[in-house]
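Structure first, commentary second.
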Amino acid sequence: MTTLLSLCLAIMLAAPAAAQHAYPAKPVRLIVPFPPGGANDIVARLIGQRLNDRWARVVVIDNRGGAGGNIGTEIGARAVPDGYTLLIVSTSTLATNVGLYSKLPFDPIRDFAPITLIVTAPNLLAVNPAVAAASVQELIQLAKANPQRLNFSSFGGGSSAHLIGEMFKRMAGIDIVHVPYKGGSPALTAVIAGEVQMTFSNLSVALPQVQAGRLKAIAVTSRQRASALPEVPTVAESGLPGFEATAWVGIVAPARVPRALILKLNRDIHQVLADADTRTQLLSRGLEPAATTPEGFARHIGAEIERWSKVIRESGVRAE
């Protein structure tokens, strides 16, 4: 009897571990809260394919754009916490939106279990090639000599490009005009066409246009120079010390996903990011691999909420 009882107990204890070991036993849905084509989608599809290969299970990319990323993010927050629905998150969805919207349909801290940061991506201060400035200081001098004559594009009011432009205005002491467009591609096209003079574009999106000579790269907004454009200085080293605005993309699960599963996902994604081909593909797009622990990613999210909420308060920007 004692032997039978011990055997039953061993089976009961082993069942959760076996189920955990078998994950994933079915397709995994990876929600991207933006339309296809942007940095979030690029990262999701690359990482999703690598996990697909690793797990021999389909990773389904589910684009759920709208409301500045809030629609898809809410879907991720409300998903069943079994590990079969994961969510791509970024600077906008879990950081800037906190300050931009008076009320969000989710709590960026309480409703999610951070898994890992995936990549960081500097934005690029780029101008039309006809603009008579080749450095940050020359651009500032041009703006001071022509107040409200230089325009900068963004992919919408309250977007990261808009907020970076507002931070640049304040720190440089200049008066440049924000012109919002409906999407990153139209905002970049406007600079190339000369409709506006400058923009703060995601490096992964702007890089091909710089390489083709359609845009002039002035500076990157990250703390360090970008691997994809090592000859281009940072804004901070170009006369505005302390200037930093780095975009990022990470992955989370709904809150209450078991801790053991979060750690497995963290390990698997780290191994994907350590793959030489994956790193090459990310770096070629201006995306810097940036794996973290779940706790490290949680601290990063908290710090980013604080950073961007301050910028938003000081600039008075609200979501449109």
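Just the residues that are more than 18 Å from THR93 (Cβ to Cβ) and in a loop (DSSP other than H, G, I, E, B), please, taken from the range 45-69.
Looking only at the range 45-69, we keep the residues that are more than 18 Å from THR93 (Cβ to Cβ), and these are 46, 49-60.
ALA56, ARG57, VAL58, listed by residue number.
Would you check which residues across the range 271-320 are over 18 Å from GLY68 (Cα atoms), part of a helix (DSSP H, G or I), touching a residue at least 40 places away in the same chain (Cβ under 8 Å) and in contact with a strand residue (DSSP E or B) (Cβ under 7 Å, 6 or more places away or on another chain) and list them?
Result: LEU273, LEU282, PRO294, PHE297, ALA298, HIS300.
Just to be sure I understand, how many residues within the range 191-210 are open to solvent by 10 Å² or more (accessible area, probe 1.4 Å), closer than 22 Å to GLN224 by Cβ and among the small types (Gly, Ala, Ser)?
So the count comes out to 2.
Suppose the filter is at pLDDT 95 or above, open to solvent by less than 10 Å² (accessible area, probe 1.4 Å), assigned to a helix (DSSP H, G or I) and in contact with a strand residue (DSSP E or B) (Cβ under 9 Å, 6 or more places away or on another chain); does GLY83 pass it?
Values: at pLDDT 95 or above: yes; open to solvent by less than 10 Å² (accessible area, probe 1.4 Å): yes; assigned to a helix (DSSP H, G or I): no; in contact with a strand residue (DSSP E or B) (Cβ under 9 Å, 6 or more places away or on another chain): yes.
No; evaluated as a whole, the condition is false for this residue.
If I ask for residues that are open to solvent by less than 50 Å² (accessible area, probe 1.4 Å) and not polar (S, T, N, Q), which ones from the range 51-73 would you list?
Listed by number, the residues that qualify are LEU51, TRP55, VAL59, ILE61, ASP62, GLY65, GLY66, GLY68, GLY69, GLY72.
Being in a strand (DSSP E or B) and closer than 30 Å to VAL32 by Cβ narrows it down to one residue among ALA113, ALA77, ALA161; which is it?
ALA113
Within the range 245-263, which residues are open to solvent by 40 Å² or more (accessible area, probe 1.4 Å) and either at pLDDT below 95 or assigned to a helix (DSSP H, G or I) (or both)? Give the steps one after another, and end with the answer.
If we filter the range 245-263 for residues that are open to solvent by 40 Å² or more (accessible area, probe 1.4 Å), which is where we start, we get 256, 258-260, 263.
Once the filter is applied, which keeps residues that are open to solvent by 40 Å² or more (accessible area, probe 1.4 Å) and either at pLDDT below 95 or assigned to a helix (DSSP H, G or I) (or both), the range 245-263 yields ARG259, ALA260, LEU263.
Check whether at least one residue in the range 96-103 is over 14 Å from ILE312 (Cβ atoms), modelled with pLDDT under 95 and in a loop (DSSP other than H, G, I, E, B), and report yes or no.
Checking the range 96-103: at least one residue is over 14 Å from ILE312 (Cβ atoms), modelled with pLDDT under 95 and in a loop (DSSP other than H, G, I, E, B).
Looking at the range 136-159, which of its residues are touching a residue at least 24 places away in the same chain (Cβ under 8 Å), farther than 22 Å from ALA193 by Cβ and of a type in the set (S, T, N, Q)?
GLN137
Would you call ALA226 open to solvent by less than 10 Å² (accessible area, probe 1.4 Å) and not hydroxyl-bearing (Ser, Thr, Tyr)? Working first, answer last.
Numbers: open to solvent by less than 10 Å² (accessible area, probe 1.4 Å): yes; not hydroxyl-bearing (Ser, Thr, Tyr): yes.
Answer is yes for this residue.
Tell me yes or no: at least one residue of the range 173-185 is acidic (Asp, Glu) and in contact (Cβ under 8 Å) with a residue 40 or more places away in the chain.
Looking for residues that are acidic (Asp, Glu) and in contact (Cβ under 8 Å) with a residue 40 or more places away in the chain, one finds none in the range 173-185, hence no.
When you scan the range 46-65, how many residues do you find that are more than 16 Å from ASP268 (Cβ to Cβ) and under 16 Å from the mean Cα position of the chain (by Cα)?
Count: 3.
Out of the residues in the range 164-188 that are modelled with pLDDT under 95 and outside any helix (DSSP H, G or I), which is most open to solvent (accessible area, probe 1.4 Å)?
The selected residue is LYS182.
Report the residue count in the range 101-132 for those that are touching a residue at least 40 places away in the same chain (Cβ under 8 Å) and closer than 30 Å to HIS270 by Cα.
Total meeting the criteria: 17.
Looking at this structure, is ALA290 among the hydrophobic types (A, V, I, L, M, F, W, C) and within 15 Å of ALA121 (Cβ to Cβ)?
It is true that ALA290 is among the hydrophobic types (A, V, I, L, M, F, W, C) and within 15 Å of ALA121 (Cβ to Cβ).
The values are calculated or read from the model by the stated rules, or taken from the named source; none is laboratory data. Computed from a prediction, not measured in an experiment: that's the story for all the values here. Virtual Cβ from ideal backbone geometry, glycine too; neighbours counted across all protein chains shown. Keep in mind that these areas ignore ligands, DNA and RNA; they rest on the heavy atoms of the full protein, side chains included. Shrake-Rupley method; radii C 1.70, N 1.55, O 1.52, S 1.80 Å.
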